[in-house]
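In what follows, a structure is listed as structure tokens, so that the remarks can point back to it.
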Amino acid sequence: MFRLTMERQRRGLSQSALSRLSGVHPSVISQLEAGKVHPYSGWKRRLGEALGVPGDELFERVDDGQTT
């Protein structure tokens, strides 16, 4: 999982709520979280500002604690 998902969930935000805060379309957030699209710098900046985290850090992989 990307840190973006973890930070969004930790704050209790839906993808739609994060979209409203960041101005990034919810479908883009979904695709970013799924790793289907590569984030461009504008998305990183806006999402980072909305979550209070440096944008580049949002796209680091983190352990979600789930076992498969």
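The values are calculated or read from the model by the stated rules, or taken from the named source; none is laboratory data. Just so you know, these numbers come straight off a predicted model, no measurement behind them. Reconstructed Cβ throughout: ideal geometry from the backbone, glycine too, with neighbour counts over all protein chains shown.
For this structure, a couple of remarks:
- Positions within the stretch 55-67 being farther than 12 Å from Thr5 by Cβ and within 11 Å of the chain's Cα centre (by Cα), in sequence order: Gly55, Asp56, Glu57
- Output for the stretch 46-62, where each listed residue is part of a helix (DSSP H, G or I) and over 13 Å from Ser19 (Cα atoms): Gly55, Asp56, Glu57, Leu58, Phe59
- Filter result for Ser22 (modelled with pLDDT of 95 or more, within 12 Å of the chain's Cα centre (by Cα), surrounded by 15 or more Cβ atoms within 10 Å (Cβ to Cβ) and of a type in the set (S, T, N, Q)): yes
- Residues in the stretch 34-41 include none that are surrounded by 19 or more Cβ atoms within 10 Å (Cβ to Cβ) and part of a helix (DSSP H, G or I).
- If only residues of the stretch 30-68 that are aliphatic (A, V, I, L, M) and touching a residue at least 24 places away in the same chain (Cβ under 8 Å) are counted, the one that is farthest from Arg10 (Cα to Cα) is Leu32.
- Among the candidates Ser30, Ser16, residue that is touching a helix residue (DSSP H, G or I) at 6+ places or on another chain (Cβ under 9 Å), in a helix (DSSP H, G or I) and exposed (fewer than 13 other Cβ atoms within 10 Å of the Cβ): Ser16
- In the set (1) modelled with pLDDT of 95 or more; (2) among the small types (Gly, Ala, Ser); (3) not in a helix (DSSP H, G or I), the condition left unmet by Gly65 is number (1).
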